[in-house]
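> Right, I'll just put the structure down here and ask away after.
Only the coordinates and a few stated rules stand behind these numbers; no lab work does. All figures in this text were calculated on a predicted structure; none of them were measured in a lab. Please note: Cβ atoms are built from the backbone with ideal geometry, for glycine as well, and neighbour counts cover all protein chains shown.
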Amino acid sequence: MSATLFATELSDTTFEVEVLRESVPVLVGFYRDSAGAAQIANQIRSLAEESRGKVKCCLLDAGRFDSVAREYGLNRAPGFLLFKDGEAIQRVEGPAPPLVLRALLSRYA
């Protein structure tokens, strides 16, 4: 599989294929409707365009699909998890400035 230039919206049923089986690093932005969903979505979409396929960027509504957030111990939304080879390797809980996320991605892309 190859990463796209656009953010992928995830669900609990698509998470395994879209994240855990992906061959490139995957950044997942977790949001809840009441916790800045639009801001997280804009950040993830911008990072997806900037990464030019080196990192796959995805969104997951932790309010609707809280089982995924719980499985990875993400207690706050917004929050971000970076996956590589099917494993969560980095986490950022709470809002993150774009500079922090870019620096995180640059280490693994």
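> Over the chain, what is the relative contact order in whole percent, taking alpha-carbon pairs under 8 Å and six or more residues apart?
Working: 197 pairs, mean separation 36.7, N = 109.
After rounding, I find 34 percent.
> In the chain, if the dipole is taken from +1 on Lys/Arg beta carbons and -1 on Asp/Glu beta carbons about the Cα centre, which of Pro98, Leu59, Thr13 is farthest to the positive end?
Pro98
> Determine the dipole magnitude for region 19-68: charges of +1 sit on the beta-carbon of Lys and Arg, -1 on that of Asp and Glu, nothing else is charged, the reference point is the Cα centre, and the result goes in debye to the nearest 20. It would help to have the intermediate numbers written out before the result.
Values: 7 positive and 6 negative charges, 34 e Å.
The dipole of region 19-68 has a size of about 160 debye.
> May I ask for the net charge around Gly63, where only other residues with Cβ less than 13 Å from the Cβ of Gly63 are counted and Lys, Arg are +1 while Asp, Glu are -1?
Once positives and negatives cancel, what remains is 0.
> How much of the DSSP beta bridge set in the chain is antiparallel, as a percent to the nearest 5? Before the final figure, lay out the partial values.
Values: 11 of 20 bridges.
Within the chain, antiparallel bridges account for around 55 percent of the total.
> Here's something else I'd like to know. Of the listed values [x] 5.6; [y] 11.8; [z] 6.9, identify the label whose number matches mean projected area of the Cα convex hull in nm² calculated from this model.
[x]
> Under a point spin-label approximation (7 Å from Cα along Cα-to-Cβ), what is the Glu49-Asn75 distance to one decimal in nm?
3.6 nm
> When the dipole is taken about the Cα centre of the chain, and only Lys, Arg (+1) and Asp, Glu (-1) are charged at their Cβ, what size is it in debye, to the nearest 20? Numbers along the way, then the final one.
Numbers: 13 positive and 14 negative charges, 77 e Å.
The dipole of the chain has a size of about 380 debye.
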